[in-house]
Amino acid sequence: MTMADRKIAQTFNLDRLKTPIGTALLVTDDDGVLRALDWDDYEGRMLDLLRLHYGAVTLRDGRAPAAMRKALGDYFKGDLDRLTDIEWRVAGTPFQQKVWHALPKIVPGTTMSYGALAAKLNAPNAMRAVGHANGSNPISVVVPCHRLIGANGSLVKYGGGLERKRWLLRHEGVEV
């Protein structure tokens, strides 16, 4: 998506999905592609990220595709590989896109430090930039920003709250 595309007002669908860690907000486009996933208690943050990435955004009530809802439900029931079945798209800088497309390659049940991901992206001194990109990821869980941790193994921060990050990592088999 180019900068010019971001100027056009966007309308997305908003659905809600009950999960073991709260109600997830699913934002999809008219093609049924996931554009944001956040938590109802962080709706303001999600709206800010949508505006940052797309400019003017209108959300209307609309059901996410049944296959997406099922894949997320299956993930929360323990089928960790189902996240890869969900089609997603997000606007962002080229560096943000690099980070976000690298996150799903971190295997469930494993974590990576910000520095290790920076090195993997051939930008070994860009730990902070990786952290900023990770923090502005609007697609929680599916683009698994929760799998990035501090170099010393600390959970650092998570847009949906550290308790959710801890739950997601334990759910995926990481002892934290």
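The values are calculated or read from the model by the stated rules, or taken from the named source; none is laboratory data. What you see is a predicted model; the values in this text were computed from it and never measured. For neighbour counting, all protein chains shown are included, and Cβ atoms are generated from backbone atoms with ideal geometry for every residue, glycine included. Side chains are part of the model used for accessible areas, which takes the heavy atoms of the whole protein and leaves out ligands, DNA and RNA. Shrake-Rupley method; radii C 1.70, N 1.55, O 1.52, S 1.80 Å.
Data for the structure
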{"quantity": "Residue that is most open to solvent (accessible area, probe 1.4 Å) [pool: residues in segment 107-117 that are out of contact with any strand residue (DSSP E or B) (no Cβ under 8 Å at 6 or more places or on another chain) and under 24 Å from Asp79 (Cα atoms)]", "calculated": "Val107"}
{"quantity": "Pair list, Cβ under 8 Å, 6 or more apart: segment 123-145 residue on the phi > 0 side of the Ramachandran plot, other residue among the aromatic types (Phe, Trp, Tyr)", "calculated": "Val141/Tyr75"}
{"quantity": "Flag if Pro104 is open to solvent by 20 Å² or more (accessible area, probe 1.4 Å), modelled with pLDDT of 95 or more and under 16 Å from Ile86 (Cα atoms)", "calculated": "yes"}
{"quantity": "Filter result (of a type in the set (D, E, K, R), open to solvent by 20 Å² or more (accessible area, probe 1.4 Å) and modelled with pLDDT of 95 or more) within segment 1-44", "calculated": "Arg16, Lys18, Asp30, Asp31, Asp40, Asp41, Glu43"}
{"quantity": "Checking Val156 against (1) among the aliphatic types (A, V, I, L, M); (2) modelled with pLDDT of 95 or more; (3) out of contact with any helix residue (DSSP H, G or I) (no Cβ under 6 Å at 6 or more places or on another chain), the condition it does not meet", "calculated": "(2)"}
{"quantity": "Residue in segment 138-148 that is of a type in the set (Ser, Thr, Tyr), in a helix (DSSP H, G or I), open to solvent by less than 50 Å² (accessible area, probe 1.4 Å) and touching a strand residue (DSSP E or B) at 6+ places or on another chain (Cβ under 8 Å) present", "calculated": "no"}
{"quantity": "Top-ranked residue of segment 78-87 - restricted to ones that are in a helix (DSSP H, G or I) and not acidic (Asp, Glu), ranked as most open to solvent (accessible area, probe 1.4 Å)", "calculated": "Thr84"}
{"quantity": "Qualifying residue in segment 118-126 (condition: assigned to a helix (DSSP H, G or I) and either buried (at least 17 other Cβ atoms within 10 Å of the Cβ) or in contact with a His (Cβ under 9 Å, 6 or more places away or on another chain) (or both))", "calculated": "yes"}
{"quantity": "In segment 33-77, the residues that are in a strand (DSSP E or B), under 23 Å from Leu169 (Cβ atoms) and in contact with a Phe, Trp or Tyr (Cβ under 9 Å, 6 or more places away or on another chain)", "calculated": "Leu34, Ala36, Leu37"}
